[in-house]
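Asks: Sharing a structure here in structure tokens format.
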Amino acid sequence: MEIIVGTDPFALFQDWYDEAVKTEINDPDAIALASVDAGGMPSVRM
């Protein structure tokens, strides 16, 4: 895995997305959003 350094998060995301499409991942558009509440309880939404 190469190390990617940059200041533009949108360009970094585009690089990741392009790599996912090239490697034929079943659903490159799928994401998981994770957060924690005030008590530290994690929650993940797909």
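No value in this document is a laboratory result; all are computed from the given coordinates. No experiment lies behind these values; they were computed from the predicted model shown. Cβ: placed from backbone, ideal geometry, glycine included. Neighbour counts: every protein chain shown.
Asks: Of Val36, Val44, Val21, which residue is surrounded by 10 or more Cβ atoms within 10 Å (Cβ to Cβ), of a type in the set (Val, Ile, Thr) and at negative phi? Can you show your working first?
Replies: Values: Val36 fails: surrounded by 10 or more Cβ atoms within 10 Å (Cβ to Cβ); Val44 fails: surrounded by 10 or more Cβ atoms within 10 Å (Cβ to Cβ).
Going through Val36, Val44, Val21 in turn, the sole match is Val21.
Asks: Of the residues in the range 5-46, how many are over 14 Å from the mean Cα position of the chain (by Cα) and in a loop (DSSP other than H, G, I, E, B)?
Replies: Total meeting the criteria: 12.
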